[in-house]
Each structure stands twice: as C-alpha cells, then as structure tokens.
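Accompanying notes for the structure given below.
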Amino acid sequence: MKRLWSVLVALCLIGGLCCVPAQAAQEQAGKPQPDKPVKTDARVTAVTVIGEGTDSIGAKLVTRLKESFNQSNLFALNEKDEPKLQVFVTTQPEFPSRPNVGSVYSICWVFKQGEGYLGFLLGRDLGTLNNEDVDALAARIVERTDGIAVKYGNLWK
C-alpha cells in the first residue's frame, strides 16, 4: 500500500511538472500580440556587375545579369562606396569573322571593401555561350554568386 501511494505521488508530481509549461503557453496565447512585425536580419548582399567586351551576346549577358540581381531579394544592385561583391564579366566573340555565333566569357567574383582598397578574388569561371544559353548562364551565375556570398559572408560584417 505504501508503495502504491509513493507511485501515485510520483505520477502526480511528474504530471504536474509536465503541465506547467503547457499552462504557461496557454497564458501566453491569451495575451494580445503586438501589431508591429519584428524586423529580422535578412541576408542581402550588395553587388555590382562590371561588363567589358564589344560583342552583342556578352552585352546581352551583362544586361540579363543586372536584371536578375535587381529582381532578386538576396541582392542589392548598387554602385555605392560600401563593402560589396563585384562581378566582372569579360566577353569577346568566339570567332572574330562571325561575331553573332558565339562568345567566350570570363567571370570573376571579387570582394571590395570600398574605394582605395585592394579587391579580394573569391571565384572565377570561364566558358563559351551562344544566344540561346544567355538566360540559363545568367541564372547559374546568380546562383553561384549567392553561394559565394554565403561562403564568404563574414567579410561583410
């Protein structure tokens, strides 16, 4: 009988301890919540696209990249003197005698602390493209830029 009472007392204590957080949550739920949303730390990377080249496919790639960065919530396209990720895009015709057939491109991702600071190379890419590949390549570059921004995010702090 003594053992039965001790087991019942233990169960009541355990049950009472488990109910305390639930009761606190119910009391918290009864309180009105503030109308103002809480500001969160959103990850937005300042980026600049710098294009160099004379071919039309390369110009289309640079324009598409600027549009993609401008439309994305992860990037702020700007030219301000602040810490930012610079994307250098260099293009030229693959065949000089046929400039509209294809282009050769080179991409360099550089972190720049500000005016007067030496840039820090974070990544690079090289390849060829034609008119049909511009949108897919721009999406791939934006994705890689986001990966680089996450990998080296401590540089912006």
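Quick check: is even one residue across segment 146-155 β-branched (V, I, T), over 21 Å from V44 (Cα atoms) and open to solvent by less than 70 Å² (accessible area, probe 1.4 Å)? Reasoning before the result, please.
Filtering segment 146-155 for residues β-branched (V, I, T) gives 148, 150.
Okay, now just the ones that are also over 21 Å from V44 (Cα atoms), so none.
No; the residues of segment 146-155 include none that is β-branched (V, I, T), over 21 Å from V44 (Cα atoms) and open to solvent by less than 70 Å² (accessible area, probe 1.4 Å).
Take I57 and decide whether it is open to solvent by less than 10 Å² (accessible area, probe 1.4 Å) and either aliphatic (A, V, I, L, M) or under 16 Å from R140 (Cα atoms) (or both). So that I can check it myself, show each step before the final result.
Values: open to solvent by less than 10 Å² (accessible area, probe 1.4 Å): yes; either aliphatic (A, V, I, L, M) or under 16 Å from R140 (Cα atoms) (or both): yes.
Taking the combined requirement at face value, the residue satisfies it.
For G51, all conditions in the list (1) in contact (Cβ under 8 Å) with a residue 60 or more places away in the chain; (2) surrounded by fewer than 18 Cβ atoms within 10 Å (Cβ to Cβ) hold save one; what is the number of the exception?
(1)
Taking D81 as the residue in question, decide whether it is part of a strand (DSSP E or B) and of a type in the set (D, E). Lay out the reasoning, then the answer.
Working: part of a strand (DSSP E or B): no; of a type in the set (D, E): yes.
Answer is no for this residue.
Just need a number here: residues in segment 74-100 that are open to solvent by 20 Å² or more (accessible area, probe 1.4 Å), under 15 Å from G114 (Cα atoms) and at pLDDT 95 or above.
Total satisfying the criteria: 1.
Of the residues Q71, Q113, which single one is open to solvent by 50 Å² or more (accessible area, probe 1.4 Å), under 18 Å from A42 (Cα atoms) and not β-branched (V, I, T)?
Values: Q113 fails: under 18 Å from A42 (Cα atoms).
Of Q71, Q113, the one residue that is open to solvent by 50 Å² or more (accessible area, probe 1.4 Å), under 18 Å from A42 (Cα atoms) and not β-branched (V, I, T) is Q71.
Do you know which of the residues in segment 101-122 that are of a type in the set (S, T, Y) and touching an Asp or Glu at 6+ places or on another chain (Cβ under 9 Å) is farthest from E143 (Cα to Cα)? Let's see the steps before the verdict.
Taking segment 101-122 as the starting set, the residues that turn out to be of a type in the set (S, T, Y) are 103, 105-106, 117.
Restricting the remaining residues to those that are touching an Asp or Glu at 6+ places or on another chain (Cβ under 9 Å) gives 103, 105-106.
On the way: S103: 21, Y105: 17, S106: 16 Å.
Ranking the qualifying residues of segment 101-122, first place goes to S103.
The values are calculated or read from the model by the stated rules, or taken from the named source; none is laboratory data. Note that the structure is predicted; figures quoted are calculated from it, not measured. Because the Cβ atoms are built from the backbone with ideal geometry, glycine has one as well, and the counts that use them run over all protein chains shown. The accessibility values were calculated without ligands, DNA or RNA, using every heavy atom of the protein model including side chains. Shrake-Rupley method; radii C 1.70, N 1.55, O 1.52, S 1.80 Å.
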